[in-house]
Structures are given as C-alpha cells and as structure tokens.
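To keep things clear, I will list the structure first and then write my remarks on it.
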Amino acid sequence: MTLPYPAKDDALVLRFWGVRGSTPVSGPETAEFGGNTPCLEIRCGDRLFVIDAGSGLGAFGRSCREALPQNIDLLFSHLHLDHTAGLPFFKPVVMNCDHTIHTYCGNLDGASAQDALDRLFSPPLFPVTLDVLPCTFQHHGFKAGEPLTFADGIRVDTILLDHPQGSTGYRFDYGGKRLCIISDIEHSANWPDPELCRFVEGADLLVYDGMFTEGEYPCCKGWGHSTWQKGVELAKGAGAKALAIIHLHPAHSDVQLRKVEAEMQAEMPTAFIARERQSIEVGRPLVGLAEPPMLALARRA
C-alpha cells in the first residue's frame, strides 16, 4: 500500500481517523468533518503510534492493513467509551496472531488499562473477551506527567489533563518538529494554564479539544471539555504555530463547523477544525486536507 504522505525518515506525520466526541454520528450533514470518535495515527518516520481506540480505529485498520507493524503502541488519553469502543474492530491486528498491541494508560495513578478493558469487553456488555482474540495484548500503566521511552529510543512526553477521571496529553518531538495532543481537557479559570503552556511551547501543531461553543459551555461546566477560543488562547500563549480542533460535538453539522472554522481563522489564520482522514506532515508550510483545498501552516522557525 502506498502511504498517503511522504515516508521520509525525519517526517512527523499525523492522520485523523476519528474527530468526534461522545458518540459516532453519520449522515450527509456530517460527511465533510466525519463521524467517528477519536483515533489518531502518528508516524515518526516509519514508526507508528496510535492515540485512542474510538470508532475511527476500525477505519484506520481497514485502510492501512498492509502498513501495520507487528507491534502496535496504542496510547490512551483515557478510557471513556468514545476512546475505547473501537478496539475489537481493529481487525487486521486483533485477528492476527502475529500482532501484539501494547496499550499505555496514564490517568489511573499508575495502573494499566487491563482491568477496565476486560470489564468493558465481556458479556453482557460485549459478546467476547479480549483474550479470545488471536492477537496478544500487553498493558502498561504509568502516571501522566512521566515520559514514555520506547526500546528504539523514541521518547513521548505526557501531562495530566483536567477531565473526569483524568486524561493524558502527549507531546512528540521528532525530526526537529513538535506535535502536541491535548484532549480531553477542560480549561481552568487561570487560562492559559502556565504548566500546560510550557508543555506545548513552540509546537508546530497543537491538537486541542474544542467540543463546545462559548454559548454551550456554561451549561456543560465540569464535563471535561473546552472551546476553540480557549484553544486559540493556549496556542498564542505558548507560541504554537498551528492549531487543530478535535473532539467535535456530535450535534454540530458541517455547516456549523465551517462557520466556526472561519471565525477561528479570523483570530488565528493557521487554525482549523480537523477532518476525518485528513493527513498532515507537521511543520510543512502547505498541508493537503483529505477533501477541502490546501491549508497553509507556518513552518517551524
């Protein structure tokens, strides 16, 4: 299979396979931005990381079955249903005994995801348990804030985010580029948060939870999500060069999201709302979107 982006050794590439929050949606009114729940593919050269196992994980597997390594590193932001429900449907991997999925979970005070996933994927909630699947699962726990260092030397930094039961943000520094994934998060009264600013400082691309509009947020305080305006404030405060909004509200149509995107770009021209299957080589001045025209992104200084 030919990858939809250049497979350069120093390329840091992100592809969105699911950008909705809470529940998948479908229909013509959501076709442009997509309806799958969170799943991000990250390639550091040819090294693969997957963030979250929402319903988008199934589409990722179907599209990339020939380009999947034997060992898959799956980094969970947290374990709510919209970030885990796609795991058994990652069929090219879970149905192959040659594959091992390594899960990493940082919001359980050091515990791994194993117990939670075993409860979720068992009768009467799900017809089969994960140990029935041909692949092998290896579960790793850590405390958000601790760095993850892998056997090949790649390091991924982490941070604890404000979300019910906690969530983990991730930072990838590779090939002189920086990519930060900050979802699911609720902004604080003191915003932008100084610790988070330091974590995402100078990012070539900041991916941020913008589920609510400013009008919706007052009724949803404590739910663990934010707005695009707070994403722009964080990006500007931290000197991030571009901003992508994810965890889109399931009730927001393409028409509404295009309007929001225009408002956001009036404040930050290199900000955009992520679209399902959109592929970005982080740090390039021009990035091709999956369906719409080219978006200009700032090159890392």
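The values are calculated or read from the model by the stated rules, or taken from the named source; none is laboratory data. Remember, it's a predicted structure, so these values are computed and weren't measured experimentally. Reconstructed Cβ throughout: ideal geometry from the backbone, glycine too, with neighbour counts over all protein chains shown. Only protein heavy atoms, including side chains, enter the accessible area calculation; ligands, DNA and RNA are left aside. Shrake-Rupley method; radii C 1.70, N 1.55, O 1.52, S 1.80 Å.
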Practice task
Pull up region 34-82, narrow it to residues that are in contact with an Asp or Glu (Cβ under 9 Å, 6 or more places away or on another chain) and polar (S, T, N, Q), then point me to the one that is farthest from residue 253 (Cα to Cα).
Solution key: 70
Fill in the blank from the handout: All conditions in (1) open to solvent by 50 Å² or more (accessible area, probe 1.4 Å); (2) on the phi > 0 side of the Ramachandran plot are true of residue 110 except (1)
Handout entry: Breaking point among (1) open to solvent by 60 Å² or more (accessible area, probe 1.4 Å); (2) within 22 Å of residue 111 (Cα to Cα), for residue 159
Key = (1)
Problem - Matching entry among 81, 12, 40, 57 (being of a type in the set (A, V, I, L, M, F, W, C) and surrounded by fewer than 24 Cβ atoms within 10 Å (Cβ to Cβ)) - result: 81
Exercise for the section: Among the residues of region 60-78, write down those that are open to solvent by less than 10 Å² (accessible area, probe 1.4 Å) and without any contact (Cβ under 8 Å) to a residue 40 or more places away in the chain. Expected result: 61, 72, 74
Exercise for the section: Six or more apart or on different chains, Cβ under 9 Å: which pairs go from a residue in region 174-201 that's farther than 18 Å from residue 42 by Cβ and among the aromatic types (Phe, Trp, Tyr) to one that's outside any loop (DSSP other than H, G, I, E, B) and open to solvent by 20 Å² or more (accessible area, probe 1.4 Å)? Could you list them? Expected result: 191/230; 191/233; 191/237
Handout entry: Qualifying residues in region 122-156 (those that are closer than 30 Å to residue 9 by Cα and touching a residue at least 40 places away in the same chain (Cβ under 8 Å)) - the one surrounded by the most Cβ atoms within 10 Å (Cβ to Cβ)
Key = 156
Handout entry: Scope region 255-270; condition touching a residue at least 40 places away in the same chain (Cβ under 8 Å) and open to solvent by 10 Å² or more (accessible area, probe 1.4 Å); matching residues
Key = 255, 258, 260
Exercise for the section: Would you tally the residues in region 167-186 being open to solvent by less than 20 Å² (accessible area, probe 1.4 Å) and at pLDDT 95 or above? Expected result: 10
Fill in the blank from the handout: The lone condition residue 170 fails out of (1) part of a strand (DSSP E or B); (2) on the phi > 0 side of the Ramachandran plot is (2)
